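Participant: Quick one: this structure, given as structure tokens, is what I'll be asking you about.
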Amino acid sequence: MQQLNLAFIGSAADAQQYGSISNRLHGARWVAFAPLEKTQSSAGREVLGGARASASLADLLTHHQKTVDALVIHAPPAALPDLVKTAAQSDKPMLVGPLLANTSGALRAITETSSQGTLMPATPWRFIPAIQAVKASIDAGKLGEIGLIRIHRWNALATEGTYGIPSRIIPDIDIATWFFGSQPQKLVAQQSPLADHYIQIHLHFENGGMVVIDETSALPNGGDYFSLTVIGGTGAAYADDHRNMNLIVDGVYPHAIRTGQRAVHLAQQLQKFIDTLAGTLQSAVTTHDLLKVLQVSDAVVEVAATHRVSVWEDGNYVCG
Amino acid sequence: MSVADTPKTYKALVLSVVKHAYLPLAVAAHPRFELVAVADDADNPAWVHERNQKFADQFSIPYIQNVAQALAEYDFDIAVVSSEAERHCDLAIRAANAGLHVVADKPMSNRVSECDRLVEAIQRNNVKFLLWNRNFLPALVQAKETIDSGAIGDLYAIHVDFYFSKDAGPPKGTRNAGDPPINWLERQLEAHADGSDGGVGKEPLGELQIEGIYPLGYVYLLTGATVARVFATTATHFHQANVDNNVDDLAAVSFEMESGIVGSLCIGRIGAASHPDIGEIKIHALGAKGSLVISEARPEVSVYYRDQPPIEFRNRRIANENDFLLMDNFVNALETGSDTILNEKDGRHITAVVQACLESSKSGKMVDVL
């Protein structure tokens, strides 16, 4: 079986996570690594199974262009435009994340520098086992027509990978619109004057479907919590951390701990990217898909500050 | 114990008992209350009289088809109103004007104007009013105690999910071409057999109107604040009766409170297939110091056995003293002058919130709660 040669561009810590799933990949292997910071090249090389380390992405493309088939870029949103621009010069297919852009304007700027056919935006949240299980039930028709999606997502104050409200709400807007398979026709959003790290979102779809999301990034003590309910015409699905907690009893109160799921979602996403390149799958997510999500996110941020309703008209959201 | 030490037993008049009879049964079950008679207006249809008579016979008390006569002939302390929603306020007002304290089933009314009349009557007659609710369920008591203790700090957001996994007649889309639409009252009368007739009456009621009192009661209990503005979306997603009568069976509400707290409510009668028990009912509260996730069903036990009927809940709620504690709360209000846990003003506010939600769902705009 022919192996696809992958290069990873990201931090040493993220390289460690991607390295941990190396032995689960079918038809691909890591062959090169470029850190976001030059000092980390050796650390990344070690965790990626001896992949050849370069000082930077440009250096990697200069020296290993012929041996690399595809790029996996994992970096903060602010660093991605330059990385994608550099990578695009190689014309290699690339999986870019964890979030390619956090506004529609930023995404348009990025895609101007890259052929969309070679750029797959990462959506790791779609590959979380619970999300996959619920989506499979929807696709199998078990739940009937979706009427309501409810998401509670609470992050800790200093959760890594959160870069402001757009980045925090985009995954759940994507999940909701992915499940509904359409664009919301109307939306409102609210922020509490008592907590500027908090936002709640209310989407309304053409078929009467509705979505309510609340998101905070200020839970104390490093904890986080996620709950998803999907109510369909013939069934419902509940993916809920509350149900997936085990207990430690070591003091006055028992402590709840969530059962670990490791990096299953990253392995699933990467395999899908590999299979897409191998021609056995159509691209799971396109930049066009992400653009539609970012249009919703842009509108949410706008109305959260104005207490108005935004309506989808002629391809744009317009505040009423 | 001397006679002087014996606590007073309050004599109760049941003013109509046409739904599932949980409310008058709860009153009868409390040792400080005694059901004395059932009364209703004579011009009601036969099914109303049949149900009133049946309940009266169950307790071996008279059924009087004349409310004024019952009030004149007996010495009551309280009235227990459990009629169709559209008659709740009228019956309660007549009781209050006769000097009786009132316990009324939910919803308080389907009209804010009726609630206004009732609030005026309760206050003018200086009597107490309790709107039936679930605020004394064990999980709610725990949530209230936890928040009041300051464990999660001052609240800034609260969310209630309230999904009843009950059916309500034929599923949406099952009416054949040419068949007449489902008559709301006839459907509700059929539903009496399985206790899912919470919307009984001539006027169709959506899920927000029938059950919205419960989650909105939770919000009021836990925040102590009133809702200022709402944005709501509603749908008829499950049941043909709701489609035919143009009333919601699924709704989502985003709200802002006077105190600055924001929140949401998702509610629906989502069908029996959608949950193994009565439904998924949860409260999510966010505070400055932490957060709280409460399952309304807890505590519960799980019981499974061979040949278990499919409609029997596998998880059963236990330690539920809601009925007793509500009536104890009412006794306390009668004897100390304190407010009930959900009084006439609270009930009026909740009705106004529901009305604002329905307006918002029609207009597609945010609506102020008046």
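The values are calculated or read from the model by the stated rules, or taken from the named source; none is laboratory data. The shown structure was predicted, so the numbers you read here are calculated from the model rather than taken from an experiment. Note that we place each Cβ from the backbone using ideal geometry, even for glycine, and neighbour counts take in every protein chain shown.
Participant: Taking the condition among the aliphatic types (A, V, I, L, M), buried (at least 19 other Cβ atoms within 10 Å of the Cβ) and more than 10 Å from chain B (Cβ to nearest Cβ), does A:Ile199 pass?
Facilitator: Answer is no for this residue.
Participant: Quick one: count up the residues across segment B:277-303 that are over 20 Å from A:Arg153 (Cα atoms), in contact (Cβ under 8 Å) with a residue 40 or more places away in the chain and surrounded by fewer than 20 Cβ atoms within 10 Å (Cβ to Cβ).
Facilitator: 4
Participant: Hey, could you check segment A:251-277 for residues that are outside any strand (DSSP E or B) and modelled with pLDDT under 90 and say which is surrounded by the fewest Cβ atoms within 10 Å (Cβ to Cβ)?
Facilitator: Here the residue is A:Val252.
Participant: For the structure I just gave you, tell me whether B:Ala272 is more than 10 Å from chain A (Cβ to nearest Cβ), aliphatic (A, V, I, L, M) and closer than 15 Å to B:Ser165 by Cα.
Facilitator: Yes: the conditions hold for B:Ala272.
Participant: While we're here: Which one of these does B:Ile261 not meet: (1) closer than 30 Å to B:Pro180 by Cα; (2) crowded, with 24+ Cβ neighbours inside 10 Å?
Facilitator: (1)
Participant: Can you list the helices (runs of 4 or more DSSP H) lying wholly within segment B:13-103 that have 1 or more residues being within 30 Å of B:Asn320 (Cα to Cα), acidic (Asp, Glu) and touching a residue at least 24 places away in the same chain (Cβ under 8 Å)?
Facilitator: Ranges flagged: B:85-97.
Participant: Another question, if that's okay. Looking at (1) within 14 Å of another protein chain (Cβ to nearest Cβ); (2) exposed (fewer than 15 other Cβ atoms within 10 Å of the Cβ); (3) of a type outside the set (Ser, Thr, Tyr), find the lone condition where B:Phe162 falls short.
Facilitator: With respect to (1) within 14 Å of another protein chain (Cβ to nearest Cβ); (2) exposed (fewer than 15 other Cβ atoms within 10 Å of the Cβ); (3) of a type outside the set (Ser, Thr, Tyr), B:Phe162 is out only on (2).
Participant: Looking at segment A:278-316, which of the residues that are part of a strand (DSSP E or B) and within 14 Å of chain B (Cβ to nearest Cβ) is surrounded by the fewest Cβ atoms within 10 Å (Cβ to Cβ)?
Facilitator: Looking at residues that are part of a strand (DSSP E or B) and within 14 Å of chain B (Cβ to nearest Cβ), I get A:Glu313.
Participant: Go through segment B:253-269 and count every residue that is outside any strand (DSSP E or B) and within 18 Å of B:Tyr163 (Cα to Cα).
Facilitator: 0
Participant: Then there is this: From the list B:Gly150, B:Gly178, B:Gly206, exactly one residue is at pLDDT below 95 and over 20 Å from B:Leu23 (Cα atoms). Which is it?
Facilitator: B:Gly178 is the lone residue from the list that is at pLDDT below 95 and over 20 Å from B:Leu23 (Cα atoms).
Participant: Sort out which residues of segment B:237-258 are facing another protein chain (nearest Cβ under 8 Å) and either without any contact (Cβ under 8 Å) to a residue 24 or more places away in the chain or not hydrophobic (A, V, I, L, M, F, W, C) (or both), and write them in order of number.
Facilitator: B:His237, B:Ala252, B:Ser254, B:Glu256
Participant: Among A:Val68, A:Val96, A:Val72, which is touching a residue at least 24 places away in the same chain (Cβ under 8 Å), part of a loop (DSSP other than H, G, I, E, B) and among the hydrophobic types (A, V, I, L, M, F, W, C)?
Facilitator: Only one candidate passes the filter, namely A:Val68.
Participant: Sticking with this structure for a sec: Residues of segment A:180-190 being touching a Phe, Trp or Tyr at 6+ places or on another chain (Cβ under 6 Å) and within 8 Å of chain B (Cβ to nearest Cβ), which ones?
Facilitator: Listed by number, the list holds a single entry, A:Val188.
Participant: Provide a single number: the residues in segment A:224-246 that are more than 10 Å from every other protein chain (Cβ to nearest Cβ) and of a type in the set (Phe, Trp, Tyr).
Facilitator: Here the count works out to 1.
Participant: Let me ask something additional. In segment B:104-123, what residues are over 12 Å from the mean Cα position of the chain (by Cα), in contact (Cβ under 8 Å) with a residue 12 or more places away in the chain and not in a loop (DSSP other than H, G, I, E, B)?
Facilitator: Residues satisfying the conditions are B:Val112, B:Glu114, B:Cys115, B:Asp116, B:Arg117, B:Leu118, B:Val119, B:Ala121, B:Ile122, B:Gln123.
Participant: Which pairs do you get when a residue that is more than 19 Å from A:Ile128 (Cβ to Cβ), found in segment A:262-279, comes within reach of a residue that is part of a loop (DSSP other than H, G, I, E, B) and of a type in the set (D, E, K, R), reach meaning Cβ atoms under 8 angstrom, with the pair 6+ apart or on two chains?
Facilitator: A:Leu277/A:Asp69
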